[in-house]
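Heads up, the thing below is written out as structure tokens.
The values are calculated or read from the model by the stated rules, or taken from the named source; none is laboratory data. Bear in mind that the values here come from a model prediction, so they are computed numbers and not experimental data. A quick note on method: Cβ atoms are made from the backbone with ideal geometry, for glycine too, and the neighbour counts reach across all protein chains shown.
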Amino acid sequence: MENEEIQDNKLDRIIEARMKLKARFEEKMKLTPSMADEKPQGKGEINRHGMPNTPVGQTLTTKWPVLDLGYQPKIPLDKWRLIIDGEVENPVILTWDDFMALPQTEDVSDFHCVTTWSKLDMAWKGVSLIDLAALVQPKETATHIMCYGYDTYTTNISLEEALKPDVLLGHTVDGQPLAVEHGGPLRMITPQLYAWKGSKWIKRLEFMPKNKLGFWEERGYSNTAYPWRNDRYS
Ligand SMILES: Nc1nc2c(c(=O)[nH]1)N[C@H]1C(S)=C(S)[C@@H](COP(=O)(O)O)O[C@H]1N2
Ligand SMILES: [Mo]
């Protein structure tokens, strides 16, 4: 087969698998707070999701603070790998070139840190989490993902949140490669949830058959982390 044809077939398969995943999680997604909430708490202009752009208790900043565990891992691109495994039909270990060959998505989204700052309108480029899920094909039993960073960080997220179109694994922001202090070469972002749900220096996505708590969730942060309900701590 011609190389181009192989690529086309691969893309068709990803698109088909993505549509199936969407259908499978549609009902659950409708029940998540960011879609079911009748009175999202906050102020400011209404964003594209019908939410006030500044969630309750947040203050807007144009700076971008750095939060980490005191260690910023530096991973050369030739050593970099992304493992996607667990409750999936087709586990993969992607190299940087493999990752960059996947369909790329651009999206402008907001960033809400639980320490009360929010940064609006960040222009991201990367791969949608739903496209990565389509690649590995979560089993019917998969319900949650554990995200692992190269710095030993972990954070958990339900599939009905993780598969929303805002959730990306991003390598470029505002036209520049993502800086190491912000999680470069690749981090996850979860614009509809507090930003600790997005692991910097992402290393592994483990699909799980049940929920398990990540680093901050074990230390009293909310499992669900929904900014428009002030859902910070459990
Ligand atoms: N791997 C890793 N990811 C992480 C963290 C971390 O310490 N390690 N901190 C989280 C927290 S609490 C926030 S608010 C955001 C901060 O991202 P920033 O430093 O780019 O602002 O990353 C999240 N992801
Ligand atoms: Mo945070």
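Within segment 32-90, track down each residue that is away from ligand 2 (no atom under 16 Å from the Cβ), farther than 20 Å from R232 by Cβ and of a type in the set (K, R).
R48, K74, K79, R81
Tally the residues that are surrounded by 14 or more Cβ atoms within 10 Å (Cβ to Cβ) and either modelled with pLDDT under 95 or at negative phi (or both), restricting the search to segment 37-72.
Residues that pass the stated criteria total 16.
Answer with yes or no whether R219 is surrounded by fewer than 20 Cβ atoms within 10 Å (Cβ to Cβ), more than 16 Å from ligand 2 (Cβ to nearest atom) and either over 18 Å from T105 (Cα atoms) or charged (D, E, K, R) (or both).
So R219 does not fit the description; no.
Looking at segment 160-197 only, could you name the residues that are within 12 Å of ligand 1 (Cβ to nearest atom), of a type outside the set (G, A, S) and farther than 18 Å from M35 by Cβ?
V173, L178, V180, E181, H182, L186, R187, M188, I189, W196
Taking only segment 157-197 into account, find how many residues are within 13 Å of ligand 2 (Cβ to nearest atom), outside any strand (DSSP E or B) and closer than 13 Å to S109 by Cα.
Going through segment 157-197 one residue at a time, the tally reaches 4.
Identify the residue in segment 159-184 that is surrounded by fewer than 19 Cβ atoms within 10 Å (Cβ to Cβ) and in contact with a strand residue (DSSP E or B) (Cβ under 8 Å, 6 or more places away or on another chain) and, among all such residues, is farthest from L102 (Cα to Cα).
H182
Quick check on my filter: what residues within segment 51-90 are over 30 Å from M35 (Cβ atoms) and without any contact (Cβ under 8 Å) to a residue 60 or more places away in the chain?
Of everything in segment 51-90, those that are over 30 Å from M35 (Cβ atoms) and without any contact (Cβ under 8 Å) to a residue 60 or more places away in the chain turn out to be K63, G70, P76, D78, K79.
Can you go through D97, D110 and tell me which one is surrounded by fewer than 20 Cβ atoms within 10 Å (Cβ to Cβ) and either of a type outside the set (F, W, Y) or not in a loop (DSSP other than H, G, I, E, B) (or both)?
Exactly one residue qualifies, and that residue is D97.
Quick check: is even one residue across segment 82-101 touching an Asp or Glu at 6+ places or on another chain (Cβ under 9 Å) and within 14 Å of ligand 1 (Cβ to nearest atom)?
Yes, some residue in segment 82-101 is touching an Asp or Glu at 6+ places or on another chain (Cβ under 9 Å) and within 14 Å of ligand 1 (Cβ to nearest atom).
Considering segment 113-136 alone, what residues qualify as being of a type outside the set (V, I, T) and either part of a strand (DSSP E or B) or within 13 Å of ligand 1 (Cβ to nearest atom) (or both)?
Scanning segment 113-136 gives C113, W117, S118, K119, L120, D121, M122, A123, W124, K125, G126, S128.
Taking T155, is it within 18 Å of V66 (Cβ to Cβ), out of contact with any Phe, Trp or Tyr (no Cβ under 7 Å at 6 or more places or on another chain) and crowded, with 21+ Cβ neighbours inside 10 Å?
Considered against the rule, which asks whether it is within 18 Å of V66 (Cβ to Cβ), out of contact with any Phe, Trp or Tyr (no Cβ under 7 Å at 6 or more places or on another chain) and crowded, with 21+ Cβ neighbours inside 10 Å, T155 comes out as no.
Just the residues that are away from ligand 2 (no atom under 13 Å from the Cβ) and either modelled with pLDDT under 95 or in contact with a helix residue (DSSP H, G or I) (Cβ under 9 Å, 6 or more places away or on another chain) (or both), please, taken from segment 198-210. If you could, list the steps in order and put the result at the bottom.
Step one: of segment 198-210, the residues away from ligand 2 (no atom under 13 Å from the Cβ) are 201-210.
Within segment 198-210, W201, L205, F207 meet the criteria.
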